[in-house]
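To start, the structure itself, in structure tokens.
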Amino acid sequence: MQDVQIRHDWSIEEIKEIYNTPLLELVFRAASVHRQTQDTAEVQVCTLLSIKTGGCTEDCAYCPQAARYNTDIKVHGLMQKDAVLAYAAKAREAGSTRFCMGAAWREVRDNRDFDRVLEMVKGVNEMGMEVCCTLGMLTEEQAKKLADAGLYAYNHNLDTSGEYYEQIITTRTYDDRLKTLDNVRKAGVSVCCGGIIGLGESHEDRIGMIHTLSNLPVHPDSVPINALTRVKGTPLEHMPKVQFWDMVRMIATTRILMPKAMVRLSAGRAEMSMSEQALCFMAGANSIFTGEKLLTTANPSFEEDHMMFELLGLKPREAFKGEEIQAAIF
């Protein structure tokens, strides 16, 4: 078995060859890489809570929280700290080791709401959980404040390739997203960054997105792979359902290119059977969101996931285990 190498110089042609490998051979190769670099029985269990919902000024074509779209989302302002901490405690008791808080903001502003988020981060960190936030664009100074409060990870997805990006979002640029990733990494915070398939993009766009991620100076510590959740009222509501096999192919390719990353089976999991999820784990996925909601859409419950873990012989990964945050040199 060939030793796994961590590379940051993958070419589009190399990635295309991996991506287009016959599926069973691709899954076998990804599983072999996974076995060499991580404990394949461990799955990172995360819970995601929307702490501020709806009313976002962005025009992300997939998002029900954009103010310009007529969806059934109930808009609510920033939650109170005590309510967030109570939800985090419930998630911890159910087995989650990472707690993620999402706010429907275009960018973080230095105001009282941000101060409240910093207090939430401190509170969840004191529970012994990894704390993650997704709050939109960040400056380096804001990222440092979050780090000082105890933030472990920050999620900011690329969504798709740079070439297809403007078909999905026009209110911020691809470079804006990459700049936020730079700011997060400079602050010593773990980067969580992936994308969505099923937006109408081509296979070349999917390859392009993974090319960007795998060639960053430091690979993202977590890479969520999402299938589009089609929500009535958004521009993408009539898109066809993502084929399960496309999710497997994306997960396996990501595992091969970024061997030490946590590859998260994210949106779309609620529509998968247990056997389909098992194949995703075999292909290299080792992180999930659990709990009834994934921001505003349905997700498998804690109880369903406990049953799946028992059947498949999986175990939750301990918080902070073996994840060294590597600060890139700039």
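The values are calculated or read from the model by the stated rules, or taken from the named source; none is laboratory data. In this text, all values refer to a predicted model and were calculated from it rather than measured experimentally. In this analysis, Cβ positions are derived from the backbone assuming ideal geometry, glycine residues included, and neighbour counts consider all displayed protein chains. Please note that ligands, DNA and RNA were not included when accessible areas were found on the heavy atoms of the full protein model with its side chains. Shrake-Rupley method; radii C 1.70, N 1.55, O 1.52, S 1.80 Å.
Given a Förster radius of 25 Å and the C-beta distance between GLU318 and LEU178 as r, what FRET efficiency does 1/(1 + (r/R0)^6) yield to the nearest 0.05? Don't skip to the end; give the middle numbers.
On the way: r = 31 Å, r/R0 = 1.25.
So the FRET efficiency works out to roughly 0.20.
Under a model in which nothing but the beta-carbon of Lys, Arg (+1) and Asp, Glu (-1) is charged, the range 60-172 shows a dipole of about 280 debye around its Cα centre.
Here Cα extents along the principal axes in Å was computed from the coordinates, and among (1) 69, 41, 31; (2) 53, 50, 47; (3) 53, 42, 40 the match is (3). Looking at the chain, the accessible area is 44 square angstrom per residue; that uses a 1.4 Å probe and ignores ligands, DNA and RNA. For a quick check, take a GNM of the chain with Cα springs below 10 Å and name the residue from CYS100, CYS56, CYS132 with the largest mean-square fluctuation. Result: CYS56 has the largest fluctuation of those listed. Just checking the listed ones, GLY102, GLY313, GLY54: in the Gaussian network model of the chain with Cα springs under 10 Å, the one fluctuating most is GLY313.
Identify the trypsin sites (Lys or Arg not before Pro) of the range 10-102 meeting these criteria: DSSP loop state and at most 15 other C-beta atoms within 10 Å of the C-beta. Qualifying residues, ordered by number: ARG68, LYS74. Its Cα centre serving as origin, the range 124-180 has a Cβ charge dipole (Lys and Arg +1, Asp and Glu -1) of approximately 80 debye. Annotation note: GluC sites (Glu not before Pro) in the range 109-191 located in DSSP loop regions with a Cβ neighbour count of at most 13 within 10 Å are GLU126. Each Lys and Arg contributes +1 and each Asp and Glu -1, all at the Cβ; summed about the Cα centre of the chain, the dipole is approximately 480 debye. Helix-only estimate, please: 222 nm mean residue ellipticity of the chain, summing -39500 (n - 2.57) across DSSP H runs of length 4 or more and dividing by its residues, to the nearest 500. Calculated from helices alone, the mean residue ellipticity at 222 nm is -11000 deg cm²/dmol.
Ignoring ligands, DNA and RNA, please state the percent of accessible area on the chain from carbon and sulfur, probe 1.4 Å.
Carbon and sulfur atoms account for 51 percent of the accessible area of the chain.
Taking a straight Cα-Cα cut-off under 29 Å and skipping sequence neighbours fewer than 8 places away in the same chain, the lysines within cross-link reach of LYS52 are LYS74, LYS81, LYS90, LYS122, LYS144, LYS145, LYS179, LYS186, LYS232, LYS241, LYS293.
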